[in-house]
1. Which residue is surrounded by the fewest Cβ atoms within 10 Å (Cβ to Cβ), if the candidates are limited to the range 294-306 and must be of a type in the set (A, V, I, L, M) and at pLDDT 90 or above?
2. Of all residues being within 18 Å of SER286 (Cα to Cα) and assigned to a loop (DSSP other than H, G, I, E, B) in the range 195-231, which is modelled with the lowest pLDDT? Just the residue, please.
3. Only helices (runs of 4 or more DSSP H) wholly contained in the range 245-325 count here; list those with 3 or more residues that are among the aliphatic types (A, V, I, L, M) and either out of contact with any Cys (no Cβ under 9 Å at 6 or more places or on another chain) or in contact (Cβ under 8 Å) with a residue 24 or more places away in the chain (or both).
4. Within the range 164-176, is even one residue touching an Asp or Glu at 6+ places or on another chain (Cβ under 7 Å), at pLDDT below 80 and exposed (fewer than 14 other Cβ atoms within 10 Å of the Cβ)?
5. For GLU256, only one of the following conditions fails: (1) at pLDDT 85 or above; (2) in contact with a strand residue (DSSP E or B) (Cβ under 9 Å, 6 or more places away or on another chain); (3) charged (D, E, K, R). What is its number?
Amino acid sequence: MTSPRLAAEAASSRLSRLLALVPWLSSHDGVTIDDAAAHFDISPEQLQADLWLLICTGRPGHQHGDLLDIQFWDEDGHISVLDPQTLSRPLRLSPDEAASLLVALRVLAQVPGAHDRVALAGATTKLEAAAGEALRAADGLSVSLDTESVDPDISDAVSQALAAGRRLHISYVGAVDERTSRDVDPMRLLTLDGRIYLEAWCLRAEAVRTFRLDRIDVAEVLDIDAEVPGDAVPIDLGSGTLRPEGDLITLELSPEMSWIAGEHPVESVLDLGEGRLRILLPIADSRWLVRLLLRSGDAVTVIDRPEILERVRVEARAALESYRD
């Protein structure tokens, strides 16, 4: 039985061949089945199977005039493409597609990780040579990542943990310069606004967190397998930001709760003195905030959003009633 991976590779190879087959046959009208099979390094039987599949494909609608029309069943064994639809020429990248791909390759080359740097450089060089006019569009795009401020030892440790699926012990300096130690199970690297982030399951917070690599000052790969919970939800970067979608709330934090400003993507932080902070925090899940306020007592003060305070009161009363019962 063919393994799923081999089956996937065979499907991928066949798709590439099918896309190349029609334009090649169009430019070699009358070629024999044997010669065409030899050119694509497949058997004549495989080539005929490809042709039978192709004449059943075409543009949406799948009416007679929408399908590829290839004649190949005559006794003389010659192939003629009567209607190639949109595949008369080899597929080419548009200028925008080529520019986007070049930018992506250049960014990937700067991101720490176990990449094949030689393959990246080779692919970039080939694409630049083939892009033609599209290259001029890409040359105007400046891509820069802040990699110089990241300790190479930190990058190596993070890359090793990701590649080996190991837990990582880090010392992290948050947004308010508070240093914390924690164990995390790495998930992936993210790039945003020129910064590189580690997305990981934080065992201390019991939630998905992001850590800027340039704020990690110690990283140690542990001899423990990473165990990211199955229900851990990666951050959605569709909006182009690490900020969660949700309403804002203003909180005042006592010194022992200042870690909130370092572990969550706050909109603003105001130092009130004596270790107290006022933060503007986006909330994607108000249930999490209610639980936090119930645990925190008077160490966290809600400045606005009275409806959140009312929910906390209701939850607190229900908890007290359950104890009386």
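The values are calculated or read from the model by the stated rules, or taken from the named source; none is laboratory data. Here the structure is a predicted model, which is why all the values come from computation and not from measurement. Cβ atoms come from the backbone with ideal geometry, glycine included; neighbour counts cover every protein chain shown.
1. Our first condition is that a residue be of a type in the set (A, V, I, L, M); within the range 294-306, this holds for 294, 299-300, 302-303.
Then keep just the ones that are at pLDDT 90 or above; that gives 299-300, 302-303.
Values: ALA299: 15, VAL300: 18, VAL302: 15, ILE303: 11.
Out of the qualifying residues, it is ILE303.
2. Restricting attention to the range 195-231, the residues satisfying the condition of being within 18 Å of SER286 (Cα to Cα) are 205-209.
Next, only the ones that are assigned to a loop (DSSP other than H, G, I, E, B) stay: 205-206.
Numbers: ALA205: 82, GLU206: 85.
Top of the filtered list is ALA205.
3. Per the criteria, 286-296, 306-324.
4. Checking the range 164-176: not a single residue is touching an Asp or Glu at 6+ places or on another chain (Cβ under 7 Å), at pLDDT below 80 and exposed (fewer than 14 other Cβ atoms within 10 Å of the Cβ).
5. (2)
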